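Reviewing the structure listed below.
The values are calculated or read from the model by the stated rules, or taken from the named source; none is laboratory data. What you are looking at is a predicted structure, and each value in this text was computed from that prediction instead of being measured. Reconstructed Cβ throughout: ideal geometry from the backbone, glycine too, with neighbour counts over all protein chains shown.
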Amino acid sequence: MISLRGLTKEFPGGVRAVDALDLDIGDGEFFALLGPSGCGKTTLLRTIAGLETPTSGTVAIGGADVTRLPPGRRDVAMVFQDYALFPHMDVTANIAYPLRIRKVPRARREEKAAETAARLSLTELLARRPGQLSGGQQQRVALARAIACHPKVFLFDEPLSNLDARLRLEARTFLKRLQRELAVTTVFVTHDQGEALALADRIAVMSAGRITQLGTPAEVFRRPATTFVAGFIGSTPMNLLPGTAEGGRLHVAGAVLPLPSEVPDGPVVYGLRPEYADLSPSPPPFGDGDAFSGKVAVVENLGTAHLVTLECGDHLVQAVAPEGEEPALGALAWVVPRPGRALIYRDDALLTAA
Amino acid sequence: MSRADPAVSPAGLGRRRAVGFMLPALVLIGVFLVFPALWTIYLGLTDYRLTGLAAADPHVVGAANFTEALGDDRFRSSLWLTVQYVLGSAVVGQAVLGFALAWTLRNRPGPVKRITEGLVLLAWILPSSVVAFLWIALLDRDEGTLNAILHTPGTAWLLDHPMSSIIVFNVWRGTAFSMMLYGAALENVPPSHLETARLAGASTVQQLRDVVLPRIRGHVLTNLLLISLWTFNDFTAFQITAGGPEGRSEILPMYIYNVALSGGRLGFGAAISFLVLLINLVFAFAYLRILRGRREVVVP
């Protein structure tokens, strides 16, 4: 288990990369630090590793305070974005390197390296050098090096971002299965929300050195705590429209929508995922007001569906249309929100009940 | 090739024009490098002198100069002093100190790094006559700064420890080059590699051995070759000790100068110059062999 208490990292020049952060990560948990670049997620990971010294606060791993311990004595293994394989050593030597530093006898560590390599289907490559491996193979060697020394914690810095798109999906599945099998506490950093949702047991969404929301992928996806999280999570950007609540009705982008009763009158932000809206070529039967109407401005092909952008007055509203049902450019169309899927924010806090 | 015109090179330049472009450079190299080298070999075979009968009418004496030099105690002691000078001031002094400085300064904040680099660099760029005067003033027996600092009045550093003095002097003088070269080389070591070693628990020595040195081996070899050759042929220290006292700091370049110009035996001096040239060539070829061997290992 990893416990962070009041963790702050301030760089010379006054930049606060991590700001008074508290966090507990459970044993065996696959934990994602998600956020845009510059949000402090990598600094946080490096502070857990011991590569950065916190300005204040404590880091505890497995119940022991390791804040002042050098990285080599924290029993953590890190996989870097560039894999950091030593080019002058073959795969065996690379995997066995941490064991060599720990003075494990040669025969024992080569056996261990071969064993770990077999698990990651690297046996054929043991005598090769990193320069002769593909990106995916290099990543597996880096993972093997981390696994071979049986650390308490794995730390991954953008583990998939150096792979090409197709390989990334394969590696994602592989990584998730591997983590399940090993059941070692794993913290990874990513800026890709899809990766975080797919891999993690829990996600911390970070911005400006703080955790904006902490939760399971389902929680973070269904009920983003702030409009920042709402805009960040999801493969298509969420519609976030300014509106007004008035007498139980919601006025937004030319539409009048029903409002959950608990929202008092006043300005709000209306959030709706394009996937949770249906596109219709004719007005919905129960009156013009219950849908957004507008002209089709953009149609983007997503493969199995289309992302359609409507011009509704001054606002743009996006919805996903199923394959073969996409409207023509410039045609009039209606976006009907699915009941119970919309999110209402006021002062950047979620008002809608679960 | 289908266009079988021998006068047209693949670059489309006529052979004549190509030669025209090359000629000025070739003439310069010929006049200033090749001819003097050949002339030195010729002089080394004669009894040519600066003054007297043999200056007007030198005779070819064959290998007499070479046999004399190889049998001469003064030559052999000078060669031994030169080996000490190269090993002490270049290989151990400049290379090790330069690397230590580069390694220590690599992550330092701006001002500390810039000031240190500036001071080290200053020792390198000052004119040698100025530098020689500074060191004579530093090491002087009566008014010397060093004696004032160490409270050792009357210690004649240049007379009692002439070799150590010029070795320390040359370390001070030349470390900047190694420092800058290693500084640039260390930029090539990815931080993530060092961090991986640190996470594995590697000590600084282990990080240097496993991560840094394999990465900068080519730089180390180039550096060692250059500073060895420079130091081997270095003449700056002559302005401090002039080879004395009693030849105790007379490294080969000083020996040649003392024999050929002070002693007037140009032919003998040329013969020794030729021997020095041969030693330099041995250095260079050994380096090229090692470098080629390294390439073969890296790209199997």
I'm trying to understand the selection: among the residues of segment B:188-202, which are modelled with pLDDT of 90 or more and more than 7 Å from chain A (Cβ to nearest Cβ)? B:VAL189, B:PRO191, B:LEU194, B:ALA197
Return yes or no: is B:GLY243 surrounded by 18 or more Cβ atoms within 10 Å (Cβ to Cβ), away from chain A (no Cβ under 14 Å) and small (Gly, Ala, Ser)? yes
Scan segment B:188-213 for residues that are among the polar types (S, T, N, Q) and within 32 Å of the chain's Cα centre (by Cα) and jot them down. B:ASN188, B:THR204, B:GLN206, B:GLN207
For segment A:107-128, check the following and say yes or no: at least one residue is farther than 24 Å from A:ALA183 by Cβ, loosely packed, with under 14 Cβ neighbours inside 10 Å and in contact with an Asp or Glu (Cβ under 9 Å, 6 or more places away or on another chain). yes
Counted residues in segment A:186-200 being surrounded by fewer than 18 Cβ atoms within 10 Å (Cβ to Cβ) and under 25 Å from A:ALA17 (Cβ atoms) come to 2
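Would you mention how many residues in segment A:173-209 are acidic (Asp, Glu) and in contact with a Phe, Trp or Tyr (Cβ under 9 Å, 6 or more places away or on another chain)? So that I can check it myself, show each step before the final result.
Restricting attention to segment A:173-209, the residues satisfying the condition of being acidic (Asp, Glu) are A:181, A:192, A:195, A:201.
After this cut, where a residue has to be in contact with a Phe, Trp or Tyr (Cβ under 9 Å, 6 or more places away or on another chain) as well, the list is A:195, A:201.
Result for segment A:173-209: 2.
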Note on segment A:62-79: residues within 26 Å of the chain's Cα centre (by Cα) and outside any loop (DSSP other than H, G, I, E, B) are A:PRO71, A:VAL76, A:ALA77, A:MET78, A:VAL79
Assuming B:GLY218 fulfils every condition listed in (1) modelled with pLDDT of 90 or more; (2) surrounded by fewer than 17 Cβ atoms within 10 Å (Cβ to Cβ) apart from one, which condition is it? (1)
Can you run down the residue pairs with Cβ atoms below 7 Å, 6 or more apart or on separate chains, where the first is in segment A:135-149 and among the basic types (Lys, Arg) and the partner is assigned to a helix (DSSP H, G or I)? A:ARG145/A:ASN94; A:ARG145/A:ILE95; A:ARG145/A:TYR97; A:ARG145/A:PRO98
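Within segment B:150-167, count every residue that is surrounded by fewer than 18 Cβ atoms within 10 Å (Cβ to Cβ) and either at pLDDT 90 or above or of a type in the set (Gly, Ala, Ser) (or both). Break it down into steps so the answer makes sense when it comes.
Let us first name the residues in segment B:150-167 that are surrounded by fewer than 18 Cβ atoms within 10 Å (Cβ to Cβ), namely B:150-156, B:159-161, B:164.
So of that shortlist, the ones also either at pLDDT 90 or above or of a type in the set (Gly, Ala, Ser) (or both) come out as B:154, B:156, B:164.
Number of matching residues: 3.
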Collect the residues in segment B:11-68 that are aromatic (Phe, Trp, Tyr) and either touching a strand residue (DSSP E or B) at 6+ places or on another chain (Cβ under 9 Å) or surrounded by 13 or more Cβ atoms within 10 Å (Cβ to Cβ) (or both), keeping them in residue-number order. B:TYR42, B:TYR48, B:PHE66
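Residue-by-condition table, conditions (1) more than 14 Å from chain B (Cβ to nearest Cβ); (2) part of a helix (DSSP H, G or I); (3) in contact with a Ser or Thr (Cβ under 9 Å, 6 or more places away or on another chain); (4) farther than 23 Å from A:PHE11 by Cβ:
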| position | (1), (2), (3), (4) |
| --- | --- |
| A:SER37 | yes, no, no, no |
| A:THR47 | no, yes, yes, no |
| A:GLN81 | no, no, yes, no |
| A:ALA84 | no, no, yes, no |
| A:MET89 | no, no, no, yes |
| A:THR92 | yes, yes, no, yes |
| A:PRO98 | no, yes, yes, yes |
| A:ALA107 | yes, yes, no, yes |
| A:GLY136 | yes, yes, no, yes |
Identify, by number, the condition in (1) outside any loop (DSSP other than H, G, I, E, B); (2) closer than 30 Å to B:GLN207 by Cα that B:ASN107 doesn't meet. (1)
Looking for whichever is without any contact (Cβ under 8 Å) to a residue 24 or more places away in the chain, on the phi > 0 side of the Ramachandran plot and not β-branched (Val, Ile, Thr) here; the options are B:GLY62, B:GLY20, B:GLY30, B:GLY52. Which one fits? B:GLY62
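Would you be able to say whether some residue in segment A:269-282 is free of Cβ contacts under 8 Å to residues at least 24 places away in the same chain and either part of a loop (DSSP other than H, G, I, E, B) or hydroxyl-bearing (Ser, Thr, Tyr) (or both)?
Going residue by residue through segment A:269-282, those that are free of Cβ contacts under 8 Å to residues at least 24 places away in the same chain are none.
Within segment A:269-282, none of the residues are free of Cβ contacts under 8 Å to residues at least 24 places away in the same chain and either part of a loop (DSSP other than H, G, I, E, B) or hydroxyl-bearing (Ser, Thr, Tyr) (or both).
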Being in contact with a strand residue (DSSP E or B) (Cβ under 7 Å, 6 or more places away or on another chain), within 14 Å of chain B (Cβ to nearest Cβ) and either surrounded by fewer than 19 Cβ atoms within 10 Å (Cβ to Cβ) or more than 17 Å from B:LEU199 (Cα to Cα) (or both), is that true of even one residue in segment A:165-185? no
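Restricting to segment A:49-61, what's the tally of residues that are part of a strand (DSSP E or B) and among the polar types (S, T, N, Q)? Spell out the reasoning first.
We begin by selecting, within segment A:49-61, every residue part of a strand (DSSP E or B); these are A:56-61.
Applying the additional criterion that residues be among the polar types (S, T, N, Q) yields A:56, A:58.
Number satisfying all stated conditions: 2.
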Of all residues being touching a residue at least 24 places away in the same chain (Cβ under 8 Å), over 15 Å from B:ASN223 (Cβ atoms) and not acidic (Asp, Glu) in segment B:87-119, which is surrounded by the fewest Cβ atoms within 10 Å (Cβ to Cβ)? Just the residue, please. B:ARG106
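Quick one: is A:PHE154 under 18 Å from the mean Cα position of the chain (by Cα), outside any loop (DSSP other than H, G, I, E, B), crowded, with 22+ Cβ neighbours inside 10 Å and in the same structural domain as A:ASP27 (by TED's automatic domain parsing)?
Numbers: under 18 Å from the mean Cα position of the chain (by Cα): yes; outside any loop (DSSP other than H, G, I, E, B): yes; crowded, with 22+ Cβ neighbours inside 10 Å: yes; in the same structural domain as A:ASP27 (by TED's automatic domain parsing): yes.
Against the criterion (under 18 Å from the mean Cα position of the chain (by Cα), outside any loop (DSSP other than H, G, I, E, B), crowded, with 22+ Cβ neighbours inside 10 Å and in the same structural domain as A:ASP27 (by TED's automatic domain parsing)), A:PHE154 qualifies.
For segment B:254-262, check the following and say yes or no: at least one residue is within 24 Å of the chain's Cα centre (by Cα) and within 14 Å of chain A (Cβ to nearest Cβ).
Of segment B:254-262, the ones within 24 Å of the chain's Cα centre (by Cα) are B:254-262.
Still in the running and within 14 Å of chain A (Cβ to nearest Cβ): none.
No, segment B:254-262 has no match at all.
Going through segment A:175-199 one residue at a time, which ones are assigned to a helix (DSSP H, G or I) and in contact with a Lys or Arg (Cβ under 8 Å, 6 or more places away or on another chain)? Write out each step before concluding.
Start the filter on segment A:175-199 by keeping residues that are assigned to a helix (DSSP H, G or I), which leaves A:175-182, A:193-199.
Once the filter is applied, which keeps residues that are assigned to a helix (DSSP H, G or I) and in contact with a Lys or Arg (Cβ under 8 Å, 6 or more places away or on another chain), segment A:175-199 yields A:GLU195, A:ALA198, A:LEU199.
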